[in-house]
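The values are calculated or read from the model by the stated rules, or taken from the named source; none is laboratory data. Values in this document were obtained by computation on a predicted structure and should not be read as measured data. With ideal geometry, Cβ positions are generated from the backbone for all residues, glycine too; neighbour counts draw on all protein chains shown. Only protein heavy atoms, including side chains, enter the accessible area calculation; ligands, DNA and RNA are left aside. Shrake-Rupley method; radii C 1.70, N 1.55, O 1.52, S 1.80 Å.
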Amino acid sequence: MFSFAIDPFSFFVGFAAGIAFWLIVTRARPLWNEMREGWREQREVAQTRKSSTVEENHRRATLRRAQGMHLAAPLFALDEILQEPLLLAPPPRVEPGTPPKFEDIVTQTLPYLPTWPEIAAVYRPQMFTLPQAISGNSNIVVVGQPGVGKTVALAHLASLAANRSESLGELKEAVPFLLHVADLNIPVKDPKNVLNPLIESAAEQAGMFDYNRLSNFIQNAFKHDNALILVDGYDEITPDEQQVVSDYFKLLLQTHPKTRIVTTGAPEYLDGLVALGFAPLALCAWSARESQALIEKWGELWSQTVALEAWAQTGPEQVDPLLLNTWLAADNANLSPLELTLKVWGAYAGDSLGSDVLEAIATHIRRIAPVNTPVAALETLAMQVTVSAQPVFDPRKARAWVKSFEVAEDAVEEGEPEAEVIEEEAKPKRGKKKVEKVSTPSSGLLGKMAASGLLVSYPNNRMRFLHPIFAGYLAGQALTNYNAEELILDQRDWSGKYLAMRYFAATGDASKLVHALLEYSRLPMQKPLFTAARWLRDAPKNAPWRGRLFGELAGILQAERLPLSLRGQAMAAFAYSNDPAAATLFRQFANTMSFELIHLAILGSGAIRDAKAVKSLGHALQAPSMNVRRAACMALVAIGTTEALELVAHTLLQGDEEIRRAAGEALANDPNEGYAMLKDGMTLNDILLRRAAVYGLGRIQEEWAIELLKKAQIEDDQWIVRNAATEVLDAKTHVDSLAPSKLKAPHESPWLIEFAAKNGMGVSPGVPATDILLLALKGEDPDSRLAALPYLKFTPNEGVLTQIYEAMYKDEPELREAAFNTLWEIGASGVKLPHPNQYGLG
């Protein structure tokens, strides 16, 4: 046994030391916690400072790129010359059990024509801005014809996001990523690397100081659902390339489902996007108001900047801007923003080849092409781009296309790989000199084109024309010397193919092309017919194929039981053609016995501002059909002569309640006499007049109109006027409600759950609700029928298409139009739509 002796003194000393130690630790713990918290805050501040620096640099780079993404970038920044892009509000989605959204008379009267927004530019139905459009939770595809301003729309949105604009609401702090499809290095093989294409694209714009931190910043933005992706050029590429991009979007949305994407599209070709839930929104064309605003702003900026430069001072004497603007304001009917910009630029620069649209395009190509470059070289390159269906091409291969135009000093660079020659080659027509195609590349000419601005270079050996219209114009000119029509016709549909055809039809004999397209064209969409209809404006008036095309359009316009959204496209095509015969045709149709045909003919007369139609439009104000009477008011204001406006003023003063409202809303489209009439109407002792004026003021997007409405809402002594003012002010406040939003899942949709329960069925998560939705479409409740259509477009099988076709041929105008618009989206997504006679219809 061992025994230990404990020293009492040592024990008490150790005990006291332990107590003292733990007392110190306990007292110091708050201090330690405070020190740790301080260190943590310092680390977070340092990290935030680093991220903030990267983010601010990224925003500045995005803003810099956005301000240069427009045609006149060599002269002005985008914000200096911008006319704010506006989008057509789509028909509001119906939700059974909820009150309908406010819709003005003009919007109700005008068919929804997203493929022909030129008519909306005349009559101005409900529209919204891009920030309002993305205020919903849906991804957007901005659709429109080439040159309407889709790139500018994305650049404008990117500028707002880069500057954290208050107009973006909840997306104010979103990080913008602005890029072209050619910037994307896709496909992505590993889903873990889904952000790599965006990181690589952003790195091209980033400074070296930010490069290493950019990846972490971008991944963090997506991690916190704070990214806004803006992708230009989707409308320019072929269906196969679109599939690659849409697959990338799908992968991106699977890994980051709350990411917001806005891209561009052609209204006829949206392969891959509709199935992903993208909402197509049509960009509105410019009215005379926007065109005049651009002309005046251009003149002001030119005088302040360009005219003061040395080259301008030594050149020809500058014409008075007032005289130039007066000349430019005439004859701008149906010009796209791009075409008007080129016309104005040529007038102010004094280098225009002529006043024609085609000459304006040719002038700008000459302006930005390398000096002393043969036009044949440009045409050959564009033709090969089109024939090979490579809108984004590899310059190493493209050098072989233009090799014969290289000058001696730009001969082959040693060490470069041999380029491949495209498999399909256009054959020259007899009597024309063939352009030699050799396999040895040379970089000289393409490099010059990129340096001059005609071509744009991208990483990974990618290159494209500055704008598809320039490629299409040059390819169209080249086709007049080559038998390449069949090669192009055999291609799958894409915008470059039809641009080349359009500009070929402007100078060559397109009879073979028109004949082939009409052979392919069929109901329900008639896409080939309406594609060719856009050629009429620029084609020679004596072109042998014009008569047949006009005949086909007239047949569609007169066809009863077809949706107005289809027949309205035929009306729009006549108006867009600028053909004098269109006015006579509209006046003739306005005297038929079909109210729907009269309705459309009247809108056509207004769209072309046919003063000879004023008398018959005055008689139409007394027609039994309310739609005809409303259309007559709108057309008379669009024509705008003194006689026409007097008829509308008389209607405003002495018509019945409904036609007075239509007159008031129509007058809102006239900033001069119309605005004055509405202001005066608010002061008169006539209840129905003041009510009509209130609805008219509700369509005016100016502060003075809002002030008058607020005054009427509070001070007017008649409740009917106060209620009208409240209604339109509420609609203005909630214009964001028109923005598209994602569909609720069927098992989360209250109306569908209730409908299923009434029919002894259920809606389960993860189980297709197609049978229930088809039952709703065939049912008796009109709201349920309309509410089912947006869901059914995602399952376009044979059974679904059958029921949608039958809905389109029912005698219910609202259902008929909704079914047609659903089929438009299905067809644009790449689904081949059968002829209605397959279902015993049409």
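Here are some notes:
- Percent of beta bridges antiparallel (DSSP, the chain, rounded to nearest 5): 40
- Pairwise centroid distance, computed over Cα atoms, of the stretch 330-348 with the stretch 103-122, Å: 23
- Coupling constants for the stretch 773-785 follow from the phi torsions by the Karplus curve (6.51 cos²θ - 1.76 cosθ + 1.60, θ = phi - 60°), and in residue order they are 5, 5, 5, 5, 5, 8, x, 9, 7, x, 5, 5, 4 Hz; glycine and proline get x.
- In order along the stretch 690-705, phi translates into HN-Hα couplings of 5, 4, 5, 5, 4, 5, x, 4, x, 9, 9, 8, 9, 5, 5, 5 Hz, rounded to whole numbers, per the Karplus curve 6.51 cos²θ - 1.76 cosθ + 1.60 with θ = phi - 60° and x for Gly and Pro.
- For TRP535, distant residues with modelled amide H under 5 Å away: none
- Most to least accessible of HIS180, HIS515 (protein chains only, probe 1.4 Å): HIS515, HIS180
- Residues whose amide H lies under 5 Å from that of TYR482, counting only those 5 or more places away or on a different chain, are LYS429; hydrogens are built 1.01 Å from N in the peptide plane.
- A Förster distance of 25 Å, applied to the separation of the beta-carbon atoms of LYS189 and LYS742, puts the FRET efficiency at 0.30.
- In this structure the amide hydrogen of ARG260, modeled in the peptide plane, comes within under 5 Å of the amide hydrogens of ALA227, ILE229, none closer than 5 places in sequence on its chain.
- In order along the stretch 179-188, the Karplus-derived 3J(HN,Hα) couplings, from 6.51 cos²θ - 1.76 cosθ + 1.60 at θ = phi - 60°, round to 7, 9, 4, 5, 6, 7, 8, 10, x, 9 Hz, and Gly and Pro are given as x.
- Listed by chain and number, the lysines placed with their C-alpha closer than 19 angstrom to that of LYS258 are LYS172, LYS192, LYS223, LYS250, LYS742, LYS744; residues fewer than eight positions away on the same chain are left out.
- Förster radius 25 Å - calculated FRET efficiency between LYS258 and GLU95, Cβ distance, rounded to 0.05: 0.65
- Largest first, the residues SER352, SER784 sort by 1.4 Å accessible area into SER352, SER784.
- With contributions of -39500 (n - 2.57) from each DSSP H run of at least four residues, the per-residue ellipticity at 222 nm computed over the chain stands at -17000 deg cm²/dmol.
- Given charges at Cβ of Lys, Arg, Asp, Glu: the stretch 468-528 dipole, positive-most of SER521, ALA478, PHE504: SER521
- Accessible surface of the stretch 590-645, 1.4 Å probe, proportion on carbon and sulfur as whole %: 54
- Once the Cα-Cα distance is subtracted from the 0.36 nm per residue extended length, the ASP730 to ARG60 segment shows a gain of 237.5 nm.
- Calculated on the alpha-carbon coordinates, the convex hull of the chain measures out at 286 cubic angstrom per residue.
- The charge dipole of the stretch 532-646, taken about its Cα centre with unit charges on the Cβ of Lys, Arg, Asp and Glu (plus for the first two, minus for the last two), comes to roughly 140 debye.
- FRET E, pair HIS650, GLU84, Förster distance 45 Å, beta-carbon r, rounded to 0.05: 0.80
- Per-residue accessible area (protein heavy atoms, 1.4 Å probe) orders LYS711, LYS527 as LYS711, LYS527, starting from the largest.
- Take the Cα of ASP509, step 7 Å toward its Cβ, do the same at ALA73, and the gap between the two points is 4.2 nm.
- Between the C-alpha center of the stretch 203-265 and that of the stretch 506-543 there is a gap of 37 Å.
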